[in-house]
Amino acid sequence: MRIALMADIHGNDVALQAVLLDIEERGGVDCYWIVGDLAAIGHAPVATLGLLQTQSNLQCISGNTDRYVCTGDRPPPSLADVQADPALLPILLSVERSFSWTQGAVTEAGQLGWLSALPAESRFTLPDGANVLCTHGSPAGGDFVGIWPTMGEKEVEPLLAGCKSEIICVGHTHWPLDLQVNAHRVLNPGSVSNPVGSDVRASYAVIEADERGHRVAFHRVDYDQNRVIESLRAMEHPARGFIARHLQGKELPEQLKGIA
């Protein structure tokens, strides 16, 4: 059994097409597990969802940005944050425009219902009997609290509280990770789009499993980032500057400074 594990596609159909082609060139897979953040913060949310839906044996869960698109929730800063610090107003407005744009696009295309119906987590059992939990951020932290490579074991343990699965597949941080914490193996395939750090290629993983055990391989794939950036500019996407900086490796979260 071969499983393609992907996360954080963020409406980038060009990167997704490159990953799907790479998977086929490596012999294909039996199923696809997508651990959230499918559509928002990208130039082509509708095309991306359509491309995913053509894959056989597709299993998707929702990420925090999918939730923002579907429910109207938003990431920080909040209105209260802006009232306390008016300098945050441009960020709030930019975030609102970006997610509203994506919501409008997927609604017009008739995709909002499909996206809204995605579960927050999914569970599987591999042929060797290993139990798998797929969740976007972390088992105890929901879709917004991720597991970072800079965290020590004592920081990660509370985020795994109550989880009985041997394998935990996550996304959110955009950083590939294979971490053993007590009885849990935490896997993050990295980001198909909007990477962090100097390596801006699309990232994904393949899990190979049979009755004897399972193995994980991480892969990176080149694609034309400039083509995506030009599309963002041509359509005047409200978050085009922010997304372009991600695609160029210029956006680095505080949690990754010093290692990326």
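Filter segment 99-123 down to the residues that are assigned to a loop (DSSP other than H, G, I, E, B) and either crowded, with 18+ Cβ neighbours inside 10 Å or over 16 Å from the mean Cα position of the chain (by Cα) (or both) and list them by number.
Those that are assigned to a loop (DSSP other than H, G, I, E, B) and either crowded, with 18+ Cβ neighbours inside 10 Å or over 16 Å from the mean Cα position of the chain (by Cα) (or both): A109, G110, Q111, A117, L118.
Where residues in segment 145-188 are in contact with a strand residue (DSSP E or B) (Cβ under 7 Å, 6 or more places away or on another chain) and polar (S, T, N, Q), which of them is nearest to A40 (Cα to Cα)?
Checking each candidate, the answer is T173.
Enumerate the helices (runs of 4 or more DSSP H) found wholly within segment 38-98, keeping only those where 3 or more residues are within 29 Å of A4 (Cα to Cα).
In segment 38-98, 45-53, 64-71 are the helices (runs of 4 or more DSSP H) which contain 3 or more residues that are within 29 Å of A4 (Cα to Cα).
Going by the conditions given, is V228 surrounded by 13 or more Cβ atoms within 10 Å (Cβ to Cβ), hydrophobic (A, V, I, L, M, F, W, C), out of contact with any Asp or Glu (no Cβ under 7 Å at 6 or more places or on another chain) and over 24 Å from T65 (Cβ atoms)?
The answer is no for V228.
As an exercise: evaluate G190 against (1) over 21 Å from W101 (Cα atoms); (2) more than 17 Å from the chain's Cα centre (by Cα); (3) not β-branched (V, I, T) and give the number of the one condition it does not meet.
(2)
Return the only residue of E208, E155 being in contact (Cβ under 8 Å) with a residue 24 or more places away in the chain, surrounded by fewer than 20 Cβ atoms within 10 Å (Cβ to Cβ) and either part of a loop (DSSP other than H, G, I, E, B) or charged (D, E, K, R) (or both).
Unique residue meeting the criteria: E208.
Output the residues belonging to segment 211-260 that are aliphatic (A, V, I, L, M) and in a strand (DSSP E or B).
Listed by number, the residues that qualify are V216, A217, V221.
Checking N194 against (1) under 17 Å from V35 (Cα atoms); (2) at pLDDT 95 or above, only one condition comes out false. Which one?
(2)
Please go through segment 159-173 and pick out each residue that is out of contact with any Pro (no Cβ under 9 Å at 6 or more places or on another chain) and surrounded by 12 or more Cβ atoms within 10 Å (Cβ to Cβ).
E166, I167, H172
Out of everything in segment 90-130 that is modelled with pLDDT of 95 or more and touching a Phe, Trp or Tyr at 6+ places or on another chain (Cβ under 8 Å), what residue ends up being farthest from G241 (Cα to Cα)?
Across segment 90-130, the extreme among qualifying residues is F124.
Tell me the residue from W101, W175, W148 that is touching a helix residue (DSSP H, G or I) at 6+ places or on another chain (Cβ under 6 Å), aromatic (F, W, Y) and touching a residue at least 24 places away in the same chain (Cβ under 8 Å), please.
Going through W101, W175, W148 in turn, the sole match is W148.
Could you identify the single residue in D128, D199 that is out of contact with any strand residue (DSSP E or B) (no Cβ under 6 Å at 6 or more places or on another chain) and among the acidic types (D, E)?
D199
Give me the pairs: first residue in segment 63-88 and under 18 Å from A109 (Cα atoms), second residue outside any helix (DSSP H, G or I) and polar (S, T, N, Q), beta-carbon distance under 8 Å, and six or more apart or on different chains, which are they?
C70/S62
Test G27 against the stated conditions and say whether it is under 23 Å from H246 (Cβ atoms) and not basic (K, R).
no
The values are calculated or read from the model by the stated rules, or taken from the named source; none is laboratory data. Since the structure is predicted, the reported quantities are computational estimates derived from the model, not experimental observations. Positions of Cβ are generated from backbone atoms using ideal geometry, with glycine treated the same way; all protein chains shown enter the neighbour counts.
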